[in-house]
Amino acid sequence: MSGSPIQPSPFLLFAAPLKESSEYAGPGRCSLCSLEADPTFDLGIGADVIHECTHCARSFAVPADEHETATVDCPHCRAAMPVARLNDPAVCVSCLRQGKAALTKDTEYGMVRWEDAMRGRTHGVPDLHHASGFELDMPDGDDWVGVLISSETLLELVRTPTYSTWQGEVWLFCCGQAMTYLGEWGKEDFSAYAPEDPGGAFLMAMRDSDAAGVWEHLPDRFPAHTEIGSHVFGCRTCNGRRGHIERA
């Protein structure tokens, strides 16, 4: 992915090649609609399948790895709901976009699961004092502070593939919304984005305090065999860039 404008994608928040998703499973059969699709995405640890209760018509999430029993209880009305056994569960783009499954995300403001998205609040981080563009919730008993973000924004996030990292994703926000993941950027990408000062653009985009000194070790382009990762996001409102680095 280069420093050019955000490219069209079936996902509003994922503009990198879909093969760079940590859940990417290639072509296969969707466990939810039973249709052959390309690509599909694994429903592994942290993934939920979303059900609608046939008794109270309310939606609820069941972890994908718990679809091994014949029924589950609706958490709203306690009615028993039949569920299909999922072997090597995977979801197609269409079913994920429709909200039939949800993929947990780690963000700069805490974890977001489907339940968090529905109530419009991140799980939170310890001792948080500021979240640009958002209000903070009251701290809980352990001083974890959630961030109040619209359900629409957070549902879009959990209906998006997760980018692949060594140490875990850190989804970023800008202008009151989740940013779009652009991919791993090398020197050529930053040079295209800010030809007058590509190294400075790199430092400005990276949220990590230890970004200094990384530029000279950054590859010209990814994929590359390197111990440095450079993950970049774009804002759909201001067209700005933010990102984070990681080391293997």
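The values are calculated or read from the model by the stated rules, or taken from the named source; none is laboratory data. This one's a predicted model, so the numbers in the text were calculated from it and none came from an experiment. Cβ placement follows ideal geometry from the backbone for every residue including glycine, while neighbour counts extend to all protein chains displayed. In case anyone asks, the SASA skips ligands and DNA or RNA and just uses the protein heavy atoms, side chains included. Shrake-Rupley method; radii C 1.70, N 1.55, O 1.52, S 1.80 Å.
Structure summary
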{"quantity": "Packing rank of 11-19, 179-187, where each peptide gets the mean count of other beta carbons within 10 Å, highest leading", "calculated": "179-187, 11-19"}
{"quantity": "From phi via Karplus (6.51, -1.76, 1.60), per-residue ³J(HN,Hα) for region 232-248 in Hz, x at Gly/Pro", "calculated": "10, 10, x, 8, 7, 9, 9, 6, x, 10, 9, x, 8, 10, 8, 10, 5"}
{"quantity": "Whole-angstrom gap from region 146-186 to region 68-93, using each part's C-alpha centre", "calculated": "27 Å"}
{"quantity": "Region 10-58: proportion of alpha-carbon pairs further apart than 15 angstrom, %", "calculated": "59 percent"}
{"quantity": "Karplus 3J(HN,Hα) series, Hz, for region 21-32 with 6.51 cos²θ - 1.76 cosθ + 1.60 (x for Gly, Pro)", "calculated": "6, 5, 9, 4, 10, x, x, x, 9, 5, 5, 9"}
{"quantity": "Principal axis dimensions, region 108-178 - Cα atoms, whole angstrom, descending", "calculated": "32, 28, 24"}
{"quantity": "The chain - accessible surface per residue (Å², probe 1.4 Å)", "calculated": "49 Å²"}
{"quantity": "J(HN,Hα) series, region 44-52, from Karplus relation 6.51 cos²θ - 1.76 cosθ + 1.60, nearest Hz, glycine and proline x", "calculated": "x, 4, x, 8, 10, 9, 9, 10, 10"}
{"quantity": "For the chain, convex hull volume per residue from C-alpha positions, Å³", "calculated": "140 Å³"}
{"quantity": "Packing-based order for 210-221, 103-114, using average beta carbon neighbours within 10 Å, highest first", "calculated": "103-114, 210-221"}
{"quantity": "Computed over region 72-166: relative contact order in percent, which uses C-alpha pairs under 8 Å that are six or more apart", "calculated": "25 percent"}
{"quantity": "Mean residue ellipticity (222 nm) of the chain, computed from DSSP H runs ≥ 4 via -39,500 (n - 2.57), nearest 500", "calculated": "-3500 deg cm²/dmol"}
{"quantity": "Antiparallel %, DSSP beta bridges [both residues in region 158-248], to 5", "calculated": "95 percent"}
{"quantity": "At R0 = 25 Å, FRET efficiency that the Cβ-Cβ distance of GLN98 and GLU66 yields, to 0.05", "calculated": "0.75"}
{"quantity": "Extended-chain gain in nm, criterion 0.36 nm per residue less alpha-carbon gap, SER151 and ASP38", "calculated": "37.8 nm"}
{"quantity": "Residue order for THR237, THR165 - accessible surface, 1.4 angstrom probe, largest first", "calculated": "THR237, THR165"}
{"quantity": "Pair LEU203, ILE45: separation of 7 Å Cα→Cβ label points (nm)", "calculated": "3.8 nm"}
{"quantity": "Burial ranking of peptide ranges 120-127, 191-198 (average Cβ count within 10 Å, highest at the top)", "calculated": "120-127, 191-198"}
{"quantity": "Amide proton proximity set for TYR163, modelled H, under 5 Å, gap of 5+", "calculated": "SER22"}
{"quantity": "Accessible-area value, ARG119, 1.4 Å probe, nucleic acids and ligands omitted, Å²", "calculated": "140 Å²"}
{"quantity": "Simple spin-label estimate for ALA80 and ALA212 in nanometres, 7 Å along Cα-Cβ", "calculated": "6.5 nm"}
